[in-house]
1. Mind checking which pairs have a first residue in region 80-91 that is assigned by TED's automatic domain parsing to the domain that holds LEU67 and a second that is among the charged types (D, E, K, R) and part of a helix (DSSP H, G or I), Cβ under 8 Å, 6 or more apart or different chains?
2. If SER117 satisfies all but one of (1) within 17 Å of the chain's Cα centre (by Cα); (2) part of a helix (DSSP H, G or I), what's the number of the condition it fails?
3. Tell me whether region 18-28 contains one or more residues that are under 20 Å from ALA152 (Cα atoms), out of contact with any Ser or Thr (no Cβ under 7 Å at 6 or more places or on another chain) and either not assigned by TED's automatic domain parsing to the domain that holds HIS141 or not in a helix (DSSP H, G or I) (or both).
4. So how many residues does region 100-136 have that are surrounded by fewer than 18 Cβ atoms within 10 Å (Cβ to Cβ), touching a Lys or Arg at 6+ places or on another chain (Cβ under 8 Å) and farther than 19 Å from LEU67 by Cβ?
5. Name the residues in region 9-49 that are aliphatic (A, V, I, L, M) and closer than 20 Å to LEU61 by Cβ, would you?
6. Which condition does LEU106 not pass, out of (1) in a helix (DSSP H, G or I); (2) of a type outside the set (D, E, K, R); (3) in the same structural domain as ALA148 (by TED's automatic domain parsing), if it passes all the others?
7. Test each condition in (1) part of a helix (DSSP H, G or I); (2) free of Cβ contacts under 8 Å to residues at least 60 places away in the same chain; (3) surrounded by 15 or more Cβ atoms within 10 Å (Cβ to Cβ) for PRO41 and report the one that comes out false.
8. So which pairs qualify, if the first residue must be in region 50-66 and touching a residue at least 60 places away in the same chain (Cβ under 8 Å), the second must be buried (at least 19 other Cβ atoms within 10 Å of the Cβ) and in a helix (DSSP H, G or I), the Cβ gap must be under 7 Å, and the two must be at least 6 apart or on different chains?
Amino acid sequence: MYSGHHGWLVQWLQRKLGNSGDAADLAQDTYVRVATGRTMPRPEEARPYLVRIAHNLVIDLYRRRKLEAAYLEALAALPEAVSPSHEDTMIVLQTLGAIDCALAGLPAKVREAFFMSQFDGMTYSAIADALGIAVATVRKHMLTATRACFLAMQDPGAAPASR
């Protein structure tokens with residue numbers, strides 16, 4: 001699969017990203033995902049399979065860069081006396097990326113309940129009504145999401161792939 005489709009995949013990614021370095025990195029990451037995956041597509045399904053994986057990696061790349069840019073923008077607004085060191089900044093960015101990756105790997109309703117609670121300030125009852133689920137299910141979703149965030153913060157370098 002690698003020798004038959006690698007060049008094509010890199011070109012596809014270059015057209016998507018406009019950057020040969022990122023394209024080469026994501027093509028390599030795509031094949032790592034294929035090698036560590038549970039299934040291998042039939043030869044006639046190889047390109048759609050590779051595109052699906054690569055597309056998800058592109059989404060992850062853009063999400064990570066957007067998160068990093070927002071953090072760096074917030075840092076730039078701080079007075080220099082309270083700005084974190086470069087090392088601390090890198091640790092925070094790595095941790096944010098790991099949390100983002102962990103949350104992206106959760107089922108959509110779990111992620112949605114977590115975001116409604118943490119970012120919208122909604123109560124569990126309001127979340128249950130909005131999602132059409134029981135409050136007990138919201139509690140389970142919150143526990144699942146909080147546990148995923150906690151585990152990502154414990155070892156940001158070992159966060160599971162989001163897709």
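1. none
2. (1)
3. Residues of region 18-28 under 20 Å from ALA152 (Cα atoms): none.
No, that holds for no residue.
4. 2
5. Initial filter on region 9-49 (aliphatic (A, V, I, L, M)): 9-10, 13, 17, 23-24, 26-27, 32, 34-35, 40, 46.
Selection gives LEU9, VAL10, LEU13, LEU17, ALA23, ALA24, LEU26, ALA27, VAL32, VAL34, ALA35.
6. (1)
7. (1)
8. ILE53/THR30; LEU57/LEU26; LEU57/THR30
The values are calculated or read from the model by the stated rules, or taken from the named source; none is laboratory data. Since the model is a prediction, treat every value here as computed from it, not as a measurement. Here Cβ is always computed from backbone atoms with ideal geometry, including for glycine, and neighbour counts include all displayed protein chains.
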